[in-house]
Amino acid sequence: MFKVIEGLKYSKEHEWVKVEGDRAYMGITDYAQKSLGEIVYVELPEKGTVLAEGDTLGVVESVKAASDIYTPVSGTVADINEELLDSPGNVNNSPYESWIAVIELGNVNELDTLMGAGEYEKFCEEEED
Amino acid sequence: MHQDISLIFEKSIPGREAFSLPECDVPLKDINELYPAELLREKPANLPEVSEVDVIRHFTALSKRNHGVDSGFYPLGSCTMKYNPKINEDAAALPGFEKIHPYQDPKSIQGALELMYNMDGMLSEITGMDRVVLQPAAGAHGELAGLMIIKAYHEHRQDFKRKKIVIPDTAHGTNPASAAVAGFDVLEVKSAADGGVDLESLKNAMSDEVAGLMLTNPNTLGLFDRNIGLIADIVHQAGGLLYYDGANANAILGISRPGDMGFDVVHLNLHKTFSTPHGGGGPGSGPVGVKKQLIDFLPGPLVEKGKDGFYLNHERPLSIGRMKSFYGNFGIVVRAYAYILTMGAKGLREVSETAVLNANYIMAKLKDYYNLPYDTACMHEVVFSGQRQKELGVSTLDIAKRLLDFGYHPPTIYFPLIVKECMMIEPTETESKETLDEFIAAMVQIAGEAENDPGLVRGAPYSTAVARLDEAKAARNPVLSYVPLCGCDI
């Protein structure tokens with residue numbers, strides 16, 4: 001089983017987005033960390049990087065595979081969670097608290113294309129089958 | 001059995017040495033006179049002090065813990081771990097190949113140059129290409145060379161827009177990595193339900209910004225993409241080129257050729273398909289072949305045949321330059337050359353026929369025990385999913401670890417990424433039916449254990465020198481150098 005949190009937005013690539021004003025915290029979902037297995041390395045973007053929707057925000061590497069993290073929204077990287085460099089396992093232990101980057105949103109309308117909690121849960125269940 | 005896992009440093013006994021030199025008969029010079037101070041150590045390196053027999057026993061013990069094709073079955077998918085015939089070693093050890101120096105006058109190494117020239121011709125014939133260069137040192141190195149050739153081709157046409165390479169989601173991880181190193185952006189296309197390239201997605205991905213498509217055929221699901229003719233048309237019509245990742249070439253020798261399928265650039269892995277050592281440092285060899293319009297861009301030098309014999313052609317202004325010092329891993333090329341001559345054209349075709357038969361035999365025998373995500377005849381490798389066992393609490397990693405107890409190197413796992421709990425098994429043609437049957441029996445037994453005693457599989461391996469390693473800890477906190485217990489410097 002995997003956890004989905006109400007109030008967050010979700011992408012089809014299994015990123016979560018938490019919006020605070022014109023900034024968005026982003027991380028990977030519980031479903032994503034469970035599929036990846038134990039995460040051993042997180043590569044973060046540089047602060048100030050300007051990203052288009054779908055650009056690579058960073059990389060999570062597990063014992064199984066290395067996977068790109070895509071930003072579901074465009075904007076500028078305002079902050080990064082450097083704690084993950086030393087403790088990548090935080091993403092496994094608390095995926096919804098282990099944000100990877102904060103994006104200053106370029107276009108708030110993009111948030112409308114993301115899924116809500118219920119829709120995302122259904123999406124993951126379909127992926128399972 | 002006594003399991004000595006101490007390091008060579010820990011075997012050191014002060015004053016023990018494995019050499020004795022006669023008294024020096026020339027005047028000794030102080031080392032400080034010979035080298036500037038900044039190049040000299042302040043104190044001697046802390047090297048282990050051991051006798052010759054200590055060294056030999058230490059490394060022999062380590063080698064016995066290793067697993068290679070000479071010690072057992074090695075069905076690592078997409079790696080073609082076939083047996084390496086020992087006659088290849090005899091050929092490579094011939095003094096005319098082994099004792100020559102790359103700076104020798106080409107006139108004095110005509111035999112070696114002739115071999116390279118002939119190898120170019122044979123690999124061109126096998127792949128359906130017009131010219132092959134032997135320089136790249138491995139598969140990914142060949143990919144990089146191929147992509148640089150594609151880039152040079154477009155730029156020579158004054159077309160600087162093509163910054164993207166299209167790659168299917170089943171591709172080997174080296175493909176997007178090589179594209180990125182070559183300075184391209186990667187555009188991923190999803191696979192269709194049958195495991196092949198989704199033609200609509202490919203059409204949508206193509207534009208005048210796409211430099212080319214990288215494709216493995218058969219792909220990493222072990223499936224031959226029957227749409228390859230259409231795929232090539234779509235890419236060519238949009239002005240792109242097709243790159244053939246030859247990692248799975250063991251499935252097609254003498255049966256189909258990338259050149260005939262429409263590919264413009266191809267690399268081969270001599271250490272996979274052509275029976276040269278793989279793993280343990282190889283070294284590898286990744287020749288790259290191209291169609292006529294790309295020959296000028298090949299890395300150099302190329303071996304040419306002139307009226308006075310064979311020579312190295314360095315005068316190629318459009319060449320992307322050198323990919324490696326000298327002429328590539330020449331000794332490996334000699335081994336692969338010996339292999340091709342040993343097998344002959346008919347033999348190479350039989351290689352692929354038997355490799356495909358062996359994979360399908362394993363598929364047929366195991367499909368009742370493990371999920372088969374693509375239930376169709378496969379090529380040289382078969383992909384299962386451990387999803388059924390996962391639901392019983394046994395992961396594919398557990399199954400792989402349990403296989404160690406049966407003396408097998410496990411298959412490739414968790415790849416390709418689009419198959420959950422993936423196991424990718426490539427038996428190769430060099431394994432007998434008896435070996436395959438024993439492996440199948442082990443896999444059937446493990447499937448039974450997953451049902452009846454999942455804890456047993458989760459706890460594996462039991463027969464190895466060390467128990468299950470903590471892979472996450474090893475990656476998170478790697479200890480890469482020896483720190484003496486005494487705390488002194490090394």
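Throughout, read-outs are computed from the coordinates displayed, never taken from laboratory work. For clarity, every value in this text was computed on a predicted model and none was experimentally measured. Using ideal geometry, Cβ is built from the backbone for each residue, glycine included, and neighbour counts are taken over all protein chains shown.
Brief remarks on what is shown
- Averaging the Cα positions of each part gives two centres, and for the range B:312-336 and the range B:216-235 these lie 30 Å apart.
- Relative contact order (percent, whole number), chain A, Cα cutoff 8 Å, 6+ residue spacing: 31 percent
- Taking the DSSP bridge list for the range B:182-303 and keeping only pairs wholly inside it, about 35 percent are antiparallel.
- Scalar couplings 3J(HN,Hα) for the range B:26-34, obtained by applying the Karplus form with A = 6.51, B = -1.76, C = 1.60 to θ = phi - 60°, are 10, x, 6, 10, 6, 4, 5, 7, 8 Hz; x denotes Gly and Pro.
- Gyration tensor (alpha-carbon) shape descriptor, the range B:320-374, a/c threshold 1.5: oblate
- Global form of chain B, assessed from the alpha-carbon gyration tensor, a/c cut-off 1.5: oblate
- Cα-based Lys pair tally, the range A:9-128, threshold under 19 Å, eight or more apart or on separate chains: 8
- Reachable lysines, given that their alpha-carbon falls under 16 Å from the alpha-carbon of B:LYS163 and they are not under 8 places away in the same chain: B:LYS151
- Counting, for every residue in A:56-63, the Cβ atoms of other protein chains within 10 Å of its Cβ and taking the mean gives 2.
- For chain B, with +1 on Lys and Arg beta carbons and -1 on Asp and Glu, the positive-most of B:GLY407, B:SER6, B:ALA359 along the dipole: B:ALA359
- For A:35-43, mean number of other protein chain Cβ atoms within 10 Å: 3
- Hz values of 3J(HN,Hα) by residue in the range B:44-59 - Karplus curve (6.51, -1.76, 1.60), Gly and Pro given as x: x, 5, 7, 7, x, 9, 9, 8, 4, 5, 4, 5, 4, 5, 4, 7
- Packing, taken as the mean count of other beta carbons within 10 Å per residue, orders the peptides B:273-281, A:77-85, B:235-243 from highest to lowest as B:235-243, B:273-281, A:77-85.
- Which of B:ILE340, B:SER463, B:GLY68, positive extreme of dipole for chain B (C-beta unit charges): B:ILE340
- Rounded, prolate or oblate (a/c below 1.5 giving rounded, otherwise prolate when a/b exceeds b/c) for the protein assembly as shown by Cα gyration tensor: rounded
- Net charge, B:ARG316 excluded, C-beta distance under 12 Å - Lys, Arg +1, Asp, Glu -1: -1
- For the range B:1-89, GluC sites (Glu not before Pro) meeting the loop criterion (DSSP other than H, G, I, E, B) and having at most 16 other Cβ atoms within 10 Å: B:GLU17, B:GLU23, B:GLU42, B:GLU49.
- Over chain B, dividing the summed -39,500 (n - 2.57) contributions of all DSSP H runs of at least 4 residues by the number of residues returns a 222 nm mean residue ellipticity of -11000 deg cm²/dmol.
- Packing rank of A:20-33, B:254-267, B:104-117, where each peptide gets the mean count of other beta carbons within 10 Å, highest leading: B:254-267, A:20-33, B:104-117
- The range B:233-239 - phi-based ³J(HN,Hα) in whole Hz, Karplus 6.51/-1.76/1.60, Gly and Pro as x: 4, 4, 5, 5, 5, 8, x
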